[in-house]
Amino acid sequence: MNQIDAPNPGQAWARTRWNSHRSGAAFDRKKQSYLAPGMKVFAESQDFCIVSFVDNDAQLCGRLLHGRQGEFAKAPDDHHLIIQPFNRTMGDLPSGKACARSWQAGLMFIDLKTRKRLCVHATGKRDETEGCLALEVTQSVFHCAKYIDPSYQIARFGSRHPKTFKTAEFTVVAKHGRLIHQLADFLADQRVAFVCTVDRNGQCAVNHRGGKCGFISVSEVQGEARVLLPDYAGNGAFEAVGNIWETGRAAVFVPDPERGYGVCVSGPAELFDGEVLQTEPFVRLSEAQRVLATYPLYCQFQSWNDGLGPEEAQELPIAPTEQRTC
């Protein structure tokens, strides 16, 4: 039978606050506790996905996994997925002792041209011997196509001459202000982000966000530099919003489609709505119903482009300083 848990307390709170119980319930009815035939076909036709997880250092993360089309994802039955990514994109997944036990992950398979996306909740184990990720599916759903730009493409294999952006530029942590400026410049060019969240039970999720260049920004909020991401009217399910209400954590993973790498910013997160959106810096995010503000406690760099050199990822803990402005 298809048994999906009732909305968690965070989702219930959000649906009450924004009066979306009816639309949220309609979306819940689309959820499955297994992979339906169409879901298996869709997943197996993809060559990349976005995964949300908590790493060995207890930090919430988002990463891109990719592999060869036809080999990347396999669904041996209705309840399991095998992800076979290239090794360099698996570097940050839970490893060592964490591999011996299952951990909860959220995945999104997305076909940008058709605007189709499949979201999966699962428990996973990393098989070091086989170089794969073995997942037991606990929930699956085809999300709506809203805000997906079919012209956007993620370049998993970059050119020999990618745009100049050295890893070292993003690893300067001596001055928090300088790193914030670099982050702001990077985000100003981007049109797509993936919000990674976790609920109070440790279940991770990943949600797509899209807009015009500059829709995601860095601004000062209450004296602190924050990554601001507008949240527009959607399906009323409020998965990400509900999780943030429960745990106060978020990670924003932003892939650069031309350079062949991504940046993940994670840390404490909060939501702003109502009259405060008519004040700076929120007033610039027109038509947003809510704004997610994430404090960039950790900034991680992931390269899946062989042309960028040997660095695959670096974690950048940002020490508190008095420099918080952008």
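Only residues that are in a loop (DSSP other than H, G, I, E, B) and either open to solvent by 20 Å² or more (accessible area, probe 1.4 Å) or closer than 15 Å to PHE142 by Cα (or both): list them for region 17-30, please. Residues satisfying the conditions are TRP18, ASN19, ARG29, LYS30. Across region 290-311, the number of residues qualifying as at pLDDT 50 or above, outside any strand (DSSP E or B) and hydrophobic (A, V, I, L, M, F, W, C) comes to 2.
Applying the criterion of being open to solvent by 30 Å² or more (accessible area, probe 1.4 Å) and assigned to a strand (DSSP E or B) to the residues of region 114-138, the residue that is nearest to GLY38 (Cα to Cα) is LYS116. The set of residues in region 183-193 being outside any loop (DSSP other than H, G, I, E, B) and closer than 18 Å to ALA251 by Cα consists of LEU183, ALA184, PHE186, LEU187, VAL192, ALA193. Considering GLN323, GLN314, the condition of being in a loop (DSSP other than H, G, I, E, B), modelled with pLDDT under 85 and over 18 Å from SER52 (Cβ atoms) is satisfied by GLN323 alone. Quick check: anything in region 244-256 at pLDDT 90 or above, under 21 Å from ASN56 (Cβ atoms), of a type in the set (Ser, Thr, Tyr) and within 19 Å of the chain's Cα centre (by Cα)? Looking through region 244-256, at least one residue is at pLDDT 90 or above, under 21 Å from ASN56 (Cβ atoms), of a type in the set (Ser, Thr, Tyr) and within 19 Å of the chain's Cα centre (by Cα). Being assigned to a loop (DSSP other than H, G, I, E, B) and either open to solvent by 30 Å² or more (accessible area, probe 1.4 Å) or within 19 Å of HIS208 (Cα to Cα) (or both) is the filter here, so list the residues in region 278-289 that pass it. Answer for region 278-289, where residues must be assigned to a loop (DSSP other than H, G, I, E, B) and either open to solvent by 30 Å² or more (accessible area, probe 1.4 Å) or within 19 Å of HIS208 (Cα to Cα) (or both): THR279, GLU280, LEU285, SER286, GLU287, ALA288, GLN289. Looking only at region 198-209, residues that are within 26 Å of ALA184 (Cβ to Cβ) and assigned to a loop (DSSP other than H, G, I, E, B) come to 0 in all.
Of all residues in region 31-68, exactly one satisfies the criterion of being modelled with pLDDT of 95 or more, of a type in the set (A, V, I, L, M) and open to solvent by 40 Å² or more (accessible area, probe 1.4 Å), namely VAL41. The residues of region 1-16 that are in contact (Cβ under 8 Å) with a residue 12 or more places away in the chain, in a helix (DSSP H, G or I) and not aromatic (Phe, Trp, Tyr), listed by number, are PRO9, GLY10, GLN11, ALA12, ALA14, ARG15. Of the strands (runs of 3 or more DSSP E) lying entirely inside region 39-86, not one carries at least 2 residues that are of a type in the set (D, E, K, R), closer than 17 Å to VAL137 by Cα and out of contact with any Asp or Glu (no Cβ under 7 Å at 6 or more places or on another chain). For region 89-98, the condition holds for no residue, the condition being that it is modelled with pLDDT of 90 or more and buried (at least 21 other Cβ atoms within 10 Å of the Cβ).
Exactly one residue out of ASP92, ASP47 is in contact (Cβ under 8 Å) with a residue 60 or more places away in the chain, under 18 Å from ALA205 (Cα atoms) and touching a Lys or Arg at 6+ places or on another chain (Cβ under 7 Å): that is ASP92.
The values are calculated or read from the model by the stated rules, or taken from the named source; none is laboratory data. The structure presented is a predicted model; accordingly, all values stated were derived computationally and were not measured. Ideal geometry is used to build each Cβ from the backbone, glycine not excepted, and the neighbour counts take in all protein chains shown. Areas reflect the complete protein model, heavy atoms only, side chains present, ligands, DNA and RNA absent. Shrake-Rupley method; radii C 1.70, N 1.55, O 1.52, S 1.80 Å.
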